[in-house]
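Working notes, structure below.
Computed from the coordinates by the stated procedures, all read-outs in this text should not be read as laboratory data. Keep in mind it's a predicted model, so treat the numbers as computed, not measured. Please note: Cβ atoms are built from the backbone with ideal geometry, for glycine as well, and neighbour counts cover all protein chains shown.
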Amino acid sequence: MNLEIILKEIYEQVKNEPCDGMVTSSIPELNKVDPDKFGIHLLRQDRGDFGFGDYNQRFSIQSISKVFTISMAVRLHGEDIWKRVGVEPSGSPFNSLVQLEYEGGIPRNPFINAGALVIADILLSSLKKPKDDLLEFVRMASGVESIGFDYQVAASEKATGFRNAAMVNMLKSFGNLDNDIEAVLDFYFHQCSLAMSCKELSHAFFYLCNKGFTFDNAIEIMNEKKVKRINAIMQTCGFYDESGEFTYRVGLPGKSGIGGGIIAINPGKYSVATWHPRLNPKGNSVKGMKTLELLTTYTSGSIF
Ligand code: GLN
């Protein structure tokens with residue numbers, strides 16, 4: 001089975017399909033992105049890699065960054081973080097406030113915004129230079145030194161991020177936030193603004209495919225037990241109230257972002273990243289989901 005040929009066929013097929021998804025309007029700067037950019041890149045366990053379309057162009061990874069921050073928090077604190085955030089799917093939109101109120105300020109999981117804000121708070125309490133340390137982590141995982149924040153995107157989200165501001169205030173009122181709310185929001189908006197290409201993403205997240213080791217086997221990011229935990233949370237919570245749908249259609253652990261990116265992991269086989277900015281109403285990339293669904297269907301390659 002030639003993965004490269006299969007993926008090329010899928011790329012051509014999905015590229016030409018009509019798509020009524022919408023580019024996010026929640027962050028004004030992201031609304032300027034060309035809606036029809038489309039890229040895919042796959043990195044295999046045997047180090048073979050290939051990409052199609054706009055796979056070398058950087059975009060705003062948004063909530064995909066939550067996989068980096070939960071990885072950093074797990075490296076620093078292990079199981080202790082689960083006292084402050086759960087591992088259950090929320091069944092709610094990523095920016096919902098309702099559940100947080102009636103569940104006493106403990107977010108369901110680290111991939112909804114409330115959970116990611118608690119993880120940001122944990123990192124702020126544990127690191128001397130949190131933003132620099134995050135960049136260092138991403139550069140170490142990807143092997144690409146030039147990866148950085150998109151300050152315009154971060155500023156644009158800061159100017160309009162009223163819901164996230166409400167979220168940190170509610171977390172604070174429940175005693176589940178140690179740092180200043182402005183500092184937590186600032187870190188969170190910057191992590192979401194990280195700009196990376198599909199190729200960089202498939203390399204950066206290869207440790208989740210490779211028992212915790214980077215794509216070149218040079219660095220152990222985390223041990224196998226921790227990889228199991230992160231992949232499990234991606235499988236159950238990576239697509240918010242569409243996590244069941246993604247599991248049903250694709251059958252791989254994955255994570256989306258409202259910049260239109262998706263990463264998915266086939267443990268021991270490959271990591272793959274897609275980018276297409278048109279989103280469905282749940283905030284997930286329409287063509288990204290379709291591409292990955294066809295990939296696991298044509299290759300009989302889901303984890304199930
Ligand atoms: N920065 C975005 C937000 O907090 C991230 C959301 C996403 O990618 N799902 O709303």
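Quick notes on this structure:
- Label point 7 Å beyond Cα of SER146 along Cβ direction - residues of the range 174-204 with amide nitrogen under 20 Å: 193-204
- Ranked by the mean number of other Cβ atoms within 10 Å per residue, highest first, peptides 72-78, 279-285, 17-23, 184-190 order as 184-190, 279-285, 72-78, 17-23.
- Charge tally for ALA155 (other residues, Cβ to Cβ under 12 Å; Lys, Arg +1; Asp, Glu -1): -3.
- Residues TYR102, TYR207, TYR151 in ascending order of nearby Cβ atoms (within 10 Å, fewest first): TYR102, TYR151, TYR207.
- Global form of the chain, assessed from the alpha-carbon gyration tensor, a/c cut-off 1.5: prolate
- Rounded to whole Å, sorted largest first: equivalent-ellipsoid semi-axes of the range 25-183, Cα gyration tensor: 28, 20, 16
- Measuring nothing but alpha carbons in the range 90-217 and taking Rh as the Kirkwood radius, the Rg to Rh ratio lands at 1.00.
- The trypsin sites (Lys or Arg not before Pro) of the range 26-62 that DSSP puts in a loop, and whose beta carbon has at most 12 other beta carbons within 10 Å, are ARG47.
- Across the range 250-262, computed HN-Hα scalar couplings (Karplus, 6.51 cos²θ - 1.76 cosθ + 1.60, θ = phi - 60°) run 9, x, 9, x, x, 8, 10, x, 6, x, x, x, 9 Hz from first to last residue, x flagging Gly and Pro.
- Lysine pair count for the range 184-303 with Cα-Cα distance under 14 Å and sequence separation of 8 or more or different chains is 5.
- Global geometry of the range 185-304, whether rounded, prolate or oblate, following the gyration tensor of its Cα atoms and the 1.5 cut on a/c: oblate
- Formal net charge of residues neighbouring LYS211 (Cβ-Cβ distance under 9 Å; K, R +1; D, E -1): -2
- Listed by chain and number, the aspartates and glutamates placed with their C-alpha closer than 13 angstrom to that of LYS83 amount to none; residues fewer than eight positions away on the same chain are left out.
- For the range 226-262 versus the range 71-149, the spacing of their alpha-carbon centroids is 15 Å.
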